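Novice: Sending over a structure as structure tokens; questions will come in a sec.
The values are calculated or read from the model by the stated rules, or taken from the named source; none is laboratory data. The structure presented is a predicted model; accordingly, all values stated were derived computationally and were not measured. Quick reminder, even Gly has a Cβ in these numbers, built from the backbone with ideal geometry, and neighbours come from all protein chains shown.
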Amino acid sequence: MLQTILAISGKPGLYKLVSRAKNSLIVEVLDDTHRRMPAFATDRITSLADIAMYTETDDVPLHKVLTSMKNLEEGKTSALDYKKASGDELREYFAKILPDFDRDRVHNSDIKKLIQWYNILISNGISDFDEEMTPTEGDNIDDRKE
């Protein structure tokens, strides 16, 4: 599921991959408007499945962090108001989710973005973060082995 959810650098929120055009991707904003728009290669597009959080040992994939957050919040949106929380409150909250996170490389802005993304996903009914990857519309079926 996270393979088709995208973050676009310089644009707030998250986007769902809808289709592929010749020189762009067609994405839908994950908010109340559900606007569709093109996203170009110059936009620096990142799939949530490709993101990981720094820890003291190995990097932890984002889907594991989101699952841990979902378990902490019992499937509801975050109880912490990330816009008003202090840096210490953010780090204390994040330590409950990922106890061994790298305190030097994970910044407060990273934690805020994670909470914001989690809230967007939950409010849009996306809560199965460990779901198996399935081919999305537009994938080239000919590339798969028979």
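Novice: Which of the residues that make up the stretch 34-63 are β-branched (V, I, T) and closer than 21 Å to M1 by Cβ? Working first, answer last.
Specialist: Of the stretch 34-63, the ones β-branched (V, I, T) are 42, 45-46, 51, 55, 57, 60.
The answer is I45, T46, I51, V60.
Novice: Say whether the condition of being touching a helix residue (DSSP H, G or I) at 6+ places or on another chain (Cβ under 6 Å) and under 20 Å from I111 (Cα atoms) is met by at least one residue in the stretch 54-63.
Specialist: Looking for residues that are touching a helix residue (DSSP H, G or I) at 6+ places or on another chain (Cβ under 6 Å) and under 20 Å from I111 (Cα atoms), one finds at least one in the stretch 54-63, hence yes.
Novice: I'm told L72 meets every condition in (1) surrounded by fewer than 16 Cβ atoms within 10 Å (Cβ to Cβ); (2) at pLDDT 90 or above; (3) out of contact with any Lys or Arg (no Cβ under 7 Å at 6 or more places or on another chain) except one. Can you identify the failing condition by its number?
Specialist: Failing condition for L72: (3).
Novice: Let me ask something else. Residues that are of a type in the set (K, R): find the strands (runs of 3 or more DSSP E) completely inside the stretch 1-66 holding 2 or more of those.
Specialist: It comes to 15-20.
Novice: Sticking with this structure for a sec: Would you be able to tell me the number of residues in the stretch 102-112 that are hydrophobic (A, V, I, L, M, F, W, C) and either touching a helix residue (DSSP H, G or I) at 6+ places or on another chain (Cβ under 6 Å) or part of a helix (DSSP H, G or I) (or both)?
Specialist: Residues meeting the conditions: 1.
Novice: Any residue that is in contact (Cβ under 8 Å) with a residue 12 or more places away in the chain, surrounded by 14 or more Cβ atoms within 10 Å (Cβ to Cβ) and assigned to a strand (DSSP E or B) - is there at least one of those in the stretch 80-101?
Specialist: Yes, the conditions are met somewhere in the stretch 80-101.
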